Amino acid sequence: MLHRYLVATERWSLSQNGGQSSFSDLMNYSETLTSLTQASAFDLYRLRAAIDRVLDQPGWMAAVQSRLRIGQAIEYFEPQANRAFKGQLLEMRRKQAVVLDLETKKRWLISYAAINLDGADVEIREQPKQGLGRNSVVVGDVVGFLDRDQQQRSGRIVRLNDKTVTLLCNQQRWRVSYNLLHRVVESSASDGSLPELGVFEGQAEIVIEQDGHG
């Protein structure tokens, strides 16, 4: 399957129907990620080179720009938060767009490729053997875990790290391994003061540590 995506990327072309990508209709992010986890480091490197080259082609940018107008409500994907945000297009520059984030009221300079014009489902549904997957959680999610004393805790994700998430739990910050996390039902979460819900089933090596940094 990885070979299929690589070939499709290399043979990319824009359809004549509104400048949309015909390949985008085939994309399923969860299936693609499953293929990537089975790939070698060279496979991933080769695929990234192909994707970077395709994104550098002016046709992609022109296709997106042709469907935008100043003041338009848009959705864009932010990699660090691993989630989509609602925004308003304020300015169209040659290679980037200036958007107003409707949640924070801040202005951001983003790539045109980050704009989700077709309303694609950006959620990736991983099924790890234990815990939650790195690509299946986003900043703002409420999750639970067991601390060193086997006490149930829950908190809101404020940062995604390589091997851990940073959680705000009752005004304290914790770093917790992804394989120790579980979903909780959010009922009264606000300002980091969260209900302690759910039960973590099974045992795992505890790699939780308090994080005193922002």
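The values are calculated or read from the model by the stated rules, or taken from the named source; none is laboratory data. Because the structure is predicted, anything quoted here is derived from the model rather than measured. Reconstructed Cβ throughout: ideal geometry from the backbone, glycine too, with neighbour counts over all protein chains shown.
So, in the stretch 79-97, exactly how many residues are more than 17 Å from residue 63 (Cα to Cα) and either among the hydroxyl-bearing types (Ser, Thr, Tyr) or out of contact with any Asp or Glu (no Cβ under 9 Å at 6 or more places or on another chain) (or both)? Residues that pass the stated criteria total 5.
Only one of 121, 147 is closer than 30 Å to residue 181 by Cα, touching a Lys or Arg at 6+ places or on another chain (Cβ under 7 Å) and in contact (Cβ under 8 Å) with a residue 60 or more places away in the chain. Can you tell me which? Matching residue, one of 121, 147: 147.
Does residue 47 satisfy being surrounded by 13 or more Cβ atoms within 10 Å (Cβ to Cβ) and assigned to a loop (DSSP other than H, G, I, E, B)?
When the stated conditions are applied, residue 47 does not pass them.
So if I check each of 54, 99, 64, which one is in contact (Cβ under 8 Å) with a residue 24 or more places away in the chain and either under 29 Å from residue 158 (Cβ atoms) or under 20 Å from the mean Cα position of the chain (by Cα) (or both)?
Of the residues listed, the single one that is in contact (Cβ under 8 Å) with a residue 24 or more places away in the chain and either under 29 Å from residue 158 (Cβ atoms) or under 20 Å from the mean Cα position of the chain (by Cα) (or both) is 99.
Each residue in the stretch 168-195 was checked for being modelled with pLDDT of 90 or more and closer than 20 Å to residue 103 by Cβ, and 1 pass. When 142, 165, 138 are checked against the criterion of being of a type outside the set (Gly, Ala, Ser), more than 30 Å from residue 52 (Cα to Cα) and either out of contact with any strand residue (DSSP E or B) (no Cβ under 8 Å at 6 or more places or on another chain) or at pLDDT 85 or above (or both), 142 stands alone in meeting it.
Checking the structure you have, find out if any residue of the stretch 27-37 is modelled with pLDDT of 85 or more and either surrounded by fewer than 16 Cβ atoms within 10 Å (Cβ to Cβ) or in a helix (DSSP H, G or I) (or both). Scanning the stretch 27-37 turns up no residue that is modelled with pLDDT of 85 or more and either surrounded by fewer than 16 Cβ atoms within 10 Å (Cβ to Cβ) or in a helix (DSSP H, G or I) (or both).
Might you check whether a residue that is in contact with a Leu (Cβ under 9 Å, 6 or more places away or on another chain), under 30 Å from residue 181 (Cα atoms) and among the acidic types (Asp, Glu) occurs anywhere in the stretch 101-108? Taking every residue of the stretch 101-108 in turn, none turns out to be in contact with a Leu (Cβ under 9 Å, 6 or more places away or on another chain), under 30 Å from residue 181 (Cα atoms) and among the acidic types (Asp, Glu). Taking the stretch 70-84 on its own, how many of its residues are at pLDDT 95 or above and closer than 30 Å to residue 162 by Cβ? Of the residues in the stretch 70-84, 3 are at pLDDT 95 or above and closer than 30 Å to residue 162 by Cβ.
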